[in-house]
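This report refers to the structure that appears directly beneath it.
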């Protein structure tokens with residue numbers, strides 16, 4: 001693999017995570033430092049781990065990830081998005097909305113944004129690319145872009161206020177559909 005291909009492999013998965021972080025930052029409206037950390041750490045960690053797992057699993061799951069990986073990512077994003085929309089409509093009160101930077105939502109978002117990184121790992125394993133260095137760079141770039149995304153989302157959330165959980169849910173569903181397509 002040449003340098004341009006490796007850069008594409010590093011930046012590609014990080015951009016998905018950044019777009020989801022924008023939605024999360026908008027939903028949270030005023031994210032705390034702890035929420036910034038949780039999102040960027042988990043997105044970066046999952047983006048680091050998934051290529052490693054993909055490399056080790058290699059050809060055993062290659063057919064599954066090629067055929068179904070994008071659909072799994074879409075389903076995970078849709079589940080989180082629908083839950084956010086549902087919560088936004090119930091009682092019309094922001095105080096009961098779940099925090100997408102915690103619990104099951106955080107794990108689902110981290111998994112959904114890192115499925116492409118699993119496929120990248122399979123490719124790196126097959127092509128013999130520099131797997132450990134690439135994984136470290138993918139995780140680091142993802143964490144940094146997630147911080148940037150949360151900041152952009154925070155600015156958006158402060159402009160649109162209480163409607164952002166619902167808008168964020170629709171954004172996550174749209175991202176899931178784009179991943180599938």
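The values are calculated or read from the model by the stated rules, or taken from the named source; none is laboratory data. Just so it is clear, the structure is predicted and the values come from calculations on it, not from any experiment. Every residue, glycine among them, receives a Cβ derived from its backbone with ideal geometry; neighbour counts consider all protein chains shown.
Values computed for the structure shown
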| quantity | calculated |
| --- | --- |
| Yes/no for residue 157 being at pLDDT below 70, more than 16 Å from the chain's Cα centre (by Cα) and part of a helix (DSSP H, G or I) | yes |
| Top-ranked residue of segment 16-60 - restricted to ones that are at pLDDT 85 or above and not in a helix (DSSP H, G or I), ranked as farthest from residue 173 (Cα to Cα) | 32 |
| Test result for residue 145, at pLDDT 70 or above, assigned to a helix (DSSP H, G or I) and crowded, with 20+ Cβ neighbours inside 10 Å | yes |
| Answer from 104, 117 - the residue that is modelled with pLDDT of 70 or more and surrounded by fewer than 24 Cβ atoms within 10 Å (Cβ to Cβ) | 104 |
